[in-house]
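Report on one structure; see the data block that follows.
The values are calculated or read from the model by the stated rules, or taken from the named source; none is laboratory data. Just so you know, these numbers come straight off a predicted model, no measurement behind them. We place every Cβ from the backbone using ideal geometry, glycine too, and count neighbours over all the protein chains shown.
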Amino acid sequence: MLARTVVNQIAYQYLVPALQVDSKAVIDRKTGDVLDIYGAVRTFGTVPGCLACNGLIDPVRLADEVLGDTAQVARQRHVDDPEAHAASVVILNAMAAGWAANDFMQYMVGLGRPAAGSRILRTNPINDRAPHVTVQEPTAGPRCYVCGSTVEAARAGGERHDLPTRIAKTKASRWPLRTARVGGAQAPRRFTHR
């Protein structure tokens, strides 16, 4: 979660297009039935609608990770079932990574910029009429600290803004994140998502 937070902010702070690739198997905990299996490719960094605005950075999980919570590993699983052993999602990852690589190559050779938002890729749609590819438009919070349009937002701020980094928790430390200045020195401030 911390790595996702840092990449999210770097992408918007320096207007660097980024792709986030993910895969997931959604399991019914009571019955063990597979409810959904999908890969996702998310484009962010240039238009409002960061990962935090779209619910892909959980502030509670982020705080737990920064503090070194031992349950962190369990929460980063591809299957939401603590009894499931290391689910193999290599094919889903390959499918989503292939789509992301295609987006990147087209962008680099001038054939267009990847569309903003998420593309949810399903090898086995939920029902017969469901599409294999679903495009989700990004949600943008106008007052978001990362991608918002306020003066305080990090978007296009370059070195004027700090990046969230990990520090050791102390009794005097109320906030688990501090910020690191890319160039020069600045007083630390807490990272928040508004």
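Residue pairs whose Cβ atoms lie under 8 Å apart, separated by 6 or more positions or on different chains, with the first residue in the stretch 94-111 and under 14 Å from Pro17 (Cβ atoms) and the second small (Gly, Ala, Ser), are Gln106/Gly112. Considering the stretch 1-56, the residues that are aromatic (Phe, Trp, Tyr) and farther than 18 Å from Leu92 by Cβ include one that is modelled with the lowest pLDDT, namely Phe44. Filtering Ala154, Ala115, Ala168 for residues that are of a type outside the set (S, T, N, Q), modelled with pLDDT of 75 or more and in a loop (DSSP other than H, G, I, E, B) leaves a single hit, Ala154. If the condition is being assigned to a loop (DSSP other than H, G, I, E, B), touching a strand residue (DSSP E or B) at 6+ places or on another chain (Cβ under 9 Å) and buried (at least 17 other Cβ atoms within 10 Å of the Cβ), then the stretch 1-45 contributes only Gly45.
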